[in-house]
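Undergrad: Below are the structure tokens for one structure; questions will follow.
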Amino acid sequence: MDEARRASSIFPDGMLVPHEKPDFLLCTGRETIGIEVTELCREEPRAEGRRLAKVPDETRSCYSRLASAEPVDVGVGFSLLAKNIKSKKLTKSLVEFVHKNQNNKGVGFTKNLPKGYCHIGIHAPLVPIGRWHGAGASDTVVAPKELLESRIAEKNSRVQNYRISTPGITQVWLLIVNDQFIGPGEVYADSIHLAEWKFVFDFEKVLLFSRVPGGGGKVIELLRVTARV
């Protein structure tokens, strides 16, 4: 939220207060604006990314309990096949592979890997317990209008509750955050499309924050359908 304010003058000066339903209150002295924040992404790939992110830590824990295990740093790359393999199987096969190859430190393996992996690197540990991390295969697609409509509609159903539950609120805005560096589930909202598309909503403003790595980005105000059909 702070990054979006720094990126655009559309937000008036005032005190930003964390709140619940909506997420923030922007108090300007003359009015109080409620701001609900949501994220634009593909939910299924994002959830899959979170699942795979847990595998390296779980594997390190299992590996460390082996009597003959030497401390190692491990970096893995998941293949697209990983989405069809249960986490326990990914963990078990990685434990076995690393244990078998623990003496080959400094090697990046790309052949004869367990299913679900496209790269496994085994290195001398930089910390005593070893560090294990992984990255999954991902792609970025241009956000379709339907995805934006879905995010807006979900939040739009709560606008009246926001107004009723927060006395003194004068406006309710929706801020949609489109991160450009999230990996699995990432989408790209095209500014040309956003300048043409119109949406149905009861918020006073719906904004999309195209957020770039390192902070900053661009805030675009989405157009409203002037008359409901």
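Undergrad: Mind pulling the angle between the C-alpha long axis of helix 145-156 and the longest principal axis of the chain? Nearest 10 degrees, somewhere in 0 to 90.
TA: It is inclined by approximately 70 degrees.
Undergrad: Need the list of lysines near K205 for cross-linking: C-alpha distance under 30 angstrom, and skip anything on the same chain fewer than eight residues off.
TA: By straight Cα distance, K205 reaches K21, K145, K155, K218.
Undergrad: Along the charge dipole of the chain, which of V72, V206, N103 sits closest to the positive end, that is, farthest toward it, with unit charges on the beta carbon of Lys, Arg, Asp and Glu (+1, +1, -1, -1)?
TA: N103
Undergrad: Convex hull over the alpha-carbon atoms of the range 45-136: what's its volume per residue in Å³?
TA: Taking only Cα atoms, the range 45-136 has a hull volume of 83 Å³ per residue.
Undergrad: Let me have the relative contact order for the chain, percent, based on Cα pairs under 8 Å that are six or more residues apart.
TA: Answer for the chain is 24 percent.
Undergrad: Related question: State to the nearest 20 debye the size of the charge dipole of the chain about its Cα centre, where the only charges are +1 on K and R beta carbons and -1 on D and E beta carbons.
TA: Here the chain has a charge dipole of around 860 debye.
Undergrad: Among E58, E20, E196, determine the one that fluctuates most according to a GNM of the chain built with springs between C-alpha atoms less than 10 Å apart.
TA: Its mean-square fluctuation being the largest, the pick is E196.
Undergrad: Please report the relative contact order for the range 45-136, taking Cα pairs under 8 Å with a sequence separation of at least 6, and give it as a percent rounded to a whole number.
TA: With pairs under 8 Å counted, the relative contact order is 43 percent.
Undergrad: Per DSSP H run of n ≥ 4, the term is -39500 (n - 2.57); total these for the chain, divide by its residue number, and report the mean residue ellipticity at 222 nm rounded to 500 deg cm²/dmol.
TA: Result for the chain, helices only: -9000 deg cm²/dmol.
Undergrad: Same structure again: For the chain, set up a GNM with springs between Cα atoms under 10 Å and report which of V141, V206, V177 has the largest fluctuation.
TA: V141
Undergrad: Taking the Cα atoms of the range 89-168, report the difference between the largest and smallest coordinate on each principal axis, in whole Å and largest first.
TA: Result for the range 89-168: principal-axis Cα extents of 65, 31, 22 Å.
Undergrad: What is the angle, in °, between the Cα long axis of helix 87-100 and the longest principal axis of the Cα atoms in the chain? Nearest 10 is fine, range 0 to 90.
TA: 40 degrees
Undergrad: Right, next: About its Cα centre, how strong a charge dipole does the range 45-136 have in debye, to the nearest 20, once Lys and Arg get +1 and Asp and Glu get -1 at the Cβ?
TA: Once rounded to the nearest 20, the dipole reads 400 debye.
Undergrad: Still on this structure, I have one more. Report, in whole Å, the centroid distance computed from the Cα atoms of the range 49-128 and the range 11-28.
TA: Here the two parts' Cα centres lie 44 Å apart.
Undergrad: Would you tally the net charge around Q171, using a Cβ to Cβ cut-off of less than 12 Å, leaving Q171 out, and scoring K and R as +1, D and E as -1?
TA: Taking every Cβ under 12 Å from that of Q171, the sum is -1.
Undergrad: Pick from V127, V37, V142: which is most flexible by mean-square fluctuation in a GNM of the chain where alpha carbon atoms under 10 Å apart are linked?
TA: Greatest mean-square fluctuation among the candidates belongs to V127.
Undergrad: Hey, another quick one. Calculate log10 I(q)/I(0) of the chain for q = 0.08, 0.18 Å⁻¹, where I(q) comes from the Debye formula with a single equal point scatterer on each Cα and nothing for solvent.
TA: -0.45, -1.17
Bear in mind that the values in this text are calculations on the coordinates, not laboratory data. The model shown is predicted, which means the values in this text are computed figures rather than measured ones. Using ideal geometry, Cβ is built from the backbone for each residue, glycine included, and neighbour counts are taken over all protein chains shown.
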